[in-house]
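Asks: The structure follows.
The values are calculated or read from the model by the stated rules, or taken from the named source; none is laboratory data. All of these numbers come straight from a predicted model, not from anything done at the bench. Neighbour counts are summed over all protein chains in view; Cβ atoms, including those assigned to glycine, are modelled from backbone coordinates with ideal geometry. Only protein heavy atoms, including side chains, enter the accessible area calculation; ligands, DNA and RNA are left aside. Shrake-Rupley method; radii C 1.70, N 1.55, O 1.52, S 1.80 Å.
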Amino acid sequence: MFLCQNGQNQHCNNRTDWAVVSDDAGDATVNTCFTIGESTGESADSGITREKWNKKIEFLLSCVALSVGFGNVWRFPYTALKNGGGAFVIPYLIVLFVVGRPLYYLEMVMGQFSSRGCVKVFDVSPLMRGVGVGQTITMFTIVGYYAALLAIAVRYFVASFEDPLPWTKCQLSWEGCISSNLLPEVHHGNQSEPRVVSAQLYFSKTVIQMAPNLESGLGTPDLRLALCLLVCWICITAMLIKGIKSSGKVSYFLAIFPYVILMILLVRACTLTGAMDGISYFFNPDFNALLNPMVWYEAVSQCFFSLTIGLGAVIVYSSFNSFSNNIYRDAMIISWLDTFTSIISGVIVFGVVGNLAHVTNRNVTELEGLDGPSLTFITYPDAIAKMDFAPNFFAVMFFLMFILLGLGSNMGIVQTILTSIRDRYPQVQTWKAVLAIAIAGFCCGLVYITPAGLHVLGVVEYYGVTFASLTLVILEAVTFCWIYGVNRVCKDIKFMLDIETGMFWRICWGLLTPACIIVVFILQMFKDADEVPSGYKVFGWCLYGFTTLLQIVGWGSHAVQKQSEKLKLSARLVKASQPTEDWGPESTSLKKDYDVVMRRYRENFDDGSNVSF
């Protein structure tokens, strides 16, 4: 991009990363172009203090490990299952195209351009800093139960080495039990009573000792699950003890090896008897279901979970990039790979569900009531128990994949929280912050491994995560696209990557994406929550209020109070919504060049003319 004297375009040796210098008064003082970062004789890295990825591939793989996780293998299949299979896939792909990818790219742009984490990036509009703080709190809420689910997976992984698999046989105390490995075998009990497979009873009675509801309280954490939870947090701490220097190296394994296991499970799932019935249900849509607004609501919600957008993690990871890294390419690669992984996971799950429906003489649609934990810890183990070839091997492979994906997701979440802390308190050593997060996360995770833990998880996920994240992502989109402005974002992209932003991205950022999120938020308000005691509902609304309303109002008020008292309230609000003086590239020389570009942009804008890029 070029800006030369008098605002005229000038091409210099066919270089595309040039700019013009000016003195502090804003007058152009040179007649030739120069390379950005070399205008004052300084290195382009002058003033850079933020740690960077050792290699560009580490950023790409870390984003893959973050985005390709529980949202794909755990949440996508059961969401598709309960929303009509193929009837859900079509809305999901459409929403991914007009909401998911634009937001993912936008977050990458804001993080890389400013080299700021999810809280400090709101230097772009200090009035909205509470959004970033709320995202950090939401991330901590998520990591509490993600780590607990990971602990259950570790428990199953260890049990997968037992021969026979412990969930394949009924125990004497289980009434009306059917051994998962041999359907006709009924252990004992009244034959007219509903029969339950041993995999389900193993999960509810042996692993988590599940309480029927929240009426009788939480209970005490299971000791074996507590040990598994401790192991999980030790692994997460070890991977992040040196920040991105250590997590970047771990990403090679966490991002690549799960795909090896996915391919193994894909082959096995497709060769199961009855698998094609389930896979056909996955790909054949019921077009009448497309008129159901709740299907579209679920598609948008799944998009956020799948790509991990609206929670600050993408902003944090991209903030460790070099300024000129091609994030447009990376955003496209990751978003398409995420979609591919979701589809592959769907094929595996629906193949397994098709097999389960075949051996139990049921229709695939009769299994739509399965939720996430049931699908992962009951349906999968039950199907594996019925395999006549190496069930232990496939059990080990599945839960190993689940653990690796969970570690990748949790690592990204903790990195987001860590970055928010260190951006605010840079004097805090990384290992101390990681250790503090791990201890707090472990204590919170103990709640979810109590007998009533999964019931609490439902309350926390609805009020503290789903509802809160929708509120925060709306405000994030409003901040970046409307307050800061789509045109300004596009100018920043031009300065950073030297590429013009197409009309598709402008329309999505300016209209389609915020509109879709707002519609989904309205639908969420009318969506019925699970029936829980009133005390837990009060807790849920308090969690929502603390995560969103309190942070937004509190930090917004603080930003307004910092403005000059001589200004009127309206003027102070406007001033607080504008970027801070140090907003822009981290590099000192690039910041000077950027200030020149923006000064000329504002001058031309005020004159009613367009700046030449």
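Asks: For segment 523-545: of the residues being of a type in the set (Phe, Trp, Tyr) and modelled with pLDDT under 90, which is least open to solvent (accessible area, probe 1.4 Å)?
Replies: Step one: filter segment 523-545 for residues of a type in the set (Phe, Trp, Tyr), giving 526, 536, 539, 541, 544.
Subset that is modelled with pLDDT under 90: 526, 536.
On the way: Phe526: 161, Tyr536: 58 Å².
Going through the qualifying residues, I end up with Tyr536.
Asks: So which pairs qualify, if the first residue must be in segment 542-568 and more than 22 Å from Thr466 (Cβ to Cβ) and part of a helix (DSSP H, G or I), the second must be small (Gly, Ala, Ser) and open to solvent by less than 70 Å² (accessible area, probe 1.4 Å), the Cβ gap must be under 6 Å, and the two must be at least 6 apart or on different chains?
Replies: Between residues of segment 542-568 that are more than 22 Å from Thr466 (Cβ to Cβ) and part of a helix (DSSP H, G or I) and residues that are small (Gly, Ala, Ser) and open to solvent by less than 70 Å² (accessible area, probe 1.4 Å), the close pairs are Trp555/Gly130; Gly556/Gly130; Ala559/Ala576; Val560/Ala576.
Asks: Given the options Ala440, Ala452, Ala433, name the one that is at pLDDT 90 or above and closer than 30 Å to Glu215 by Cβ. Steps first, answer last, please.
Replies: Details: Ala452 fails: at pLDDT 90 or above; Ala433 fails: closer than 30 Å to Glu215 by Cβ.
One residue alone meets the criteria, Ala440.
Asks: Among the listed residues Phe140, Phe122, Phe113, which satisfies the condition of being assigned to a helix (DSSP H, G or I) and surrounded by fewer than 24 Cβ atoms within 10 Å (Cβ to Cβ)? First the steps, then the outcome.
Replies: Values: Phe122 fails: surrounded by fewer than 24 Cβ atoms within 10 Å (Cβ to Cβ); Phe113 fails: surrounded by fewer than 24 Cβ atoms within 10 Å (Cβ to Cβ).
It is Phe140.
Asks: Mind listing whichever residues of segment 222-262 are without any contact (Cβ under 8 Å) to a residue 12 or more places away in the chain and among the polar types (S, T, N, Q)?
Replies: Matches in segment 222-262: Ser246 only.
Asks: Separate question: All but one of (1) touching a Leu at 6+ places or on another chain (Cβ under 6 Å); (2) open to solvent by 10 Å² or more (accessible area, probe 1.4 Å) hold for Leu446, so report the exception by its number.
Replies: For Leu446, the exception is condition (1).
Asks: Given the condition crowded, with 16+ Cβ neighbours inside 10 Å and modelled with pLDDT under 85, answer yes or no: does some residue in segment 219-238 qualify?
Replies: No.
Residue by residue, here is whether (1) surrounded by 16 or more Cβ atoms within 10 Å (Cβ to Cβ); (2) among the polar types (S, T, N, Q); (3) over 27 Å from Arg116 (Cα atoms) holds:
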{"position": "Met263", "(1), (2), (3)": "no, no, yes"}
{"position": "Ala275", "(1), (2), (3)": "yes, no, yes"}
{"position": "Leu291", "(1), (2), (3)": "no, no, yes"}
{"position": "Met294", "(1), (2), (3)": "no, no, yes"}
{"position": "Leu307", "(1), (2), (3)": "yes, no, no"}
{"position": "Gly312", "(1), (2), (3)": "yes, no, no"}
{"position": "Ala331", "(1), (2), (3)": "yes, no, no"}
{"position": "Phe340", "(1), (2), (3)": "no, no, yes"}
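Asks: While we're on this one: Look at segment 143-156 and say how many of its residues are of a type outside the set (A, V, I, L, M) and open to solvent by 10 Å² or more (accessible area, probe 1.4 Å).
Replies: To start, the set of residues in segment 143-156 that are of a type outside the set (A, V, I, L, M) comprises 144-146, 155-156.
Keeping just the survivors that are open to solvent by 10 Å² or more (accessible area, probe 1.4 Å) gives 146, 155.
Within segment 143-156, residues that are of a type outside the set (A, V, I, L, M) and open to solvent by 10 Å² or more (accessible area, probe 1.4 Å) number 2.
Asks: Quickly run through segment 314-333 and pick out the residues that are in contact (Cβ under 8 Å) with a residue 60 or more places away in the chain and over 22 Å from Thr419 (Cα atoms). Break it down stepwise before answering.
Replies: Keep residues of segment 314-333 that are in contact (Cβ under 8 Å) with a residue 60 or more places away in the chain, which gives 314-328, 330-333.
Correct list: Asn326, Tyr328, Met332, Ile333.
Asks: For Phe467, indicate whether it is at pLDDT 95 or above, aromatic (Phe, Trp, Tyr) and under 18 Å from Phe304 (Cα atoms).
Replies: Values: at pLDDT 95 or above: no; aromatic (Phe, Trp, Tyr): yes; under 18 Å from Phe304 (Cα atoms): yes.
Criteria not met by Phe467.
Asks: Please state which one of Ala395, Ala440, Ala433 is touching a residue at least 12 places away in the same chain (Cβ under 8 Å) and buried (at least 23 other Cβ atoms within 10 Å of the Cβ). Don't jump to the end; show me each part of the working.
Replies: Details: Ala440 fails: buried (at least 23 other Cβ atoms within 10 Å of the Cβ); Ala433 fails: buried (at least 23 other Cβ atoms within 10 Å of the Cβ).
When all the criteria are applied, what remains is Ala395.
Asks: Suppose we filter Lys169, Lys82 for residues that are modelled with pLDDT under 90, open to solvent by 30 Å² or more (accessible area, probe 1.4 Å) and within 24 Å of Phe70 (Cα to Cα); which single one remains?
Replies: Criteria check complete, one pass: Lys82.
Asks: Would you kindly identify the helices (runs of 4 or more DSSP H) lying entirely within segment 223-303 that contain at least 3 residues that are over 21 Å from the mean Cα position of the chain (by Cα), of a type in the set (Gly, Ala, Ser) and under 30 Å from Phe389 (Cβ atoms)? Outline the logic, then answer.
Replies: Numbers: elements: 223-240, 244-270, 275-283.
Because the criterion is at least 3 residues that are over 21 Å from the mean Cα position of the chain (by Cα), of a type in the set (Gly, Ala, Ser) and under 30 Å from Phe389 (Cβ atoms), the helices (runs of 4 or more DSSP H) in segment 223-303 that meet it are 275-283.
Asks: Additional query: Of all the residues that make up segment 194-218, how many are touching a helix residue (DSSP H, G or I) at 6+ places or on another chain (Cβ under 6 Å), within 27 Å of Ser180 (Cα to Cα), open to solvent by less than 20 Å² (accessible area, probe 1.4 Å) and not in a helix (DSSP H, G or I)?
Replies: Of the residues in segment 194-218, 0 are touching a helix residue (DSSP H, G or I) at 6+ places or on another chain (Cβ under 6 Å), within 27 Å of Ser180 (Cα to Cα), open to solvent by less than 20 Å² (accessible area, probe 1.4 Å) and not in a helix (DSSP H, G or I).
Asks: I'd like the residue in segment 362-392 that is among the polar types (S, T, N, Q) and either surrounded by 21 or more Cβ atoms within 10 Å (Cβ to Cβ) or not in a loop (DSSP other than H, G, I, E, B) (or both) and, out of all such residues, is modelled with the lowest pLDDT. Show your work before the answer.
Replies: Keep residues of segment 362-392 that are among the polar types (S, T, N, Q), which gives 363, 365, 374, 376, 379, 392.
Still in the list and also either surrounded by 21 or more Cβ atoms within 10 Å (Cβ to Cβ) or not in a loop (DSSP other than H, G, I, E, B) (or both): 365, 374, 376, 379, 392.
Details: Thr365: 70, Ser374: 67, Thr376: 75, Thr379: 75, Asn392: 90.
It comes out as Ser374.
Asks: Check whether at least one residue in segment 500-518 is at pLDDT 85 or above, crowded, with 20+ Cβ neighbours inside 10 Å, farther than 23 Å from Pro126 by Cα and among the aliphatic types (A, V, I, L, M), and report yes or no.
Replies: No, segment 500-518 contains no residue that is at pLDDT 85 or above, crowded, with 20+ Cβ neighbours inside 10 Å, farther than 23 Å from Pro126 by Cα and among the aliphatic types (A, V, I, L, M).
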